[in-house]
Structure formats: C-alpha cells, structure tokens
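Each remark here refers to the structure printed beneath this line.
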Amino acid sequence: LLTNQGAVYYELKDYDSCIAVCEKAIEVGREHRADFKLIAKAMTRIGNAYSQRGDLETAKTWLAKSLAEHR
C-alpha cells in the first residue's frame, strides 16, 4: 500500500512526499519481513525521485542499494 502511495506522489511530482512514504515503506517492510523485491521497488522509487530533483549522487546511492537488495 505504501509503495503505491509513493507512486502517486511521484506522478504528482511531489518528490519529498514520495521519498518520505517510500522510506516508511522500507521500514514497515523490514519489520514484517516483506519480500526483498518490494523493498527494492521502494528504493528504486526513492532513487528516481532524487533523480528528478536533480540530486544525482543520492539517486545513484539509492539505485545501487536497490540492486543490492534484489537483482
């Protein structure tokens, strides 16, 4: 649910809210031992949001974390 909410914020170009919701999704996912694929999806969305904001170094870091989480 939280990753879908993050997607909505991303499409609305509200990147700060997208990042916050996706970070919460990662936290909740880890607490509930969610599939690594779902956690990686949230990380990818965070990386894409940072990329759209122009912060390419942070985007690269998040995208690398996503690949490490699930290939």
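Counting other Cβ atoms within 10 Å of each Cβ, which trypsin sites (Lys or Arg not before Pro) in segment 1-62 have at most 16 and sit in a DSSP loop?
Numbers: sites: 13, 24, 30, 33, 37, 41, 45, 53, 60; in loops: 13, 33.
In loop regions of segment 1-62 (DSSP not H, G, I, E or B), the sparsely surrounded trypsin sites (Lys or Arg not before Pro) are 13, 33.
For percent of Cα pairs over 20 Å apart, the value computed from the atomic coordinates appears in the list (i) 19; (ii) 43; (iii) 36 under label (i).
Protein heavy-atom surface of the chain, 1.4 angstrom probe: 52% of the accessible area is carbon and sulfur, with nucleic acids and ligands not counted. On full extension, the segment bounded by residue 24 and residue 52 gains 8.1 nm, given 0.36 nm per residue less the C-alpha separation. Residue-wise HN-Hα couplings along segment 56-71, as the Karplus relation 6.51 cos²θ - 1.76 cosθ + 1.60 with θ = phi - 60° gives them from phi, are 6, 5, 5, 4, 4, 4, 5, 5, 5, 4, 4, 5, 5, 6, 8, 7 Hz; Gly and Pro carry x.
How much accessible area per residue does segment 14-66 have, in Å², with a 1.4 Å probe?
On the way: 3190 Å² over 53 residues.
So segment 14-66 comes to 60 Å² accessible per residue, rounded to a whole number.
The string of couplings for segment 14-23 from the Karplus curve (6.51, -1.76, 1.60, θ = phi - 60°) is 9, 5, 5, 5, 4, 5, 4, 5, 5, 5 Hz, one whole number per residue in order, with x for Gly and Pro.
The values are calculated or read from the model by the stated rules, or taken from the named source; none is laboratory data. These figures come from a predicted structure and were not determined experimentally. Reconstructed Cβ throughout: ideal geometry from the backbone, glycine too, with neighbour counts over all protein chains shown. For the accessible areas, the whole protein counts, side chains as well, though only heavy atoms, and no ligand, DNA or RNA atoms are used. Shrake-Rupley method; radii C 1.70, N 1.55, O 1.52, S 1.80 Å.
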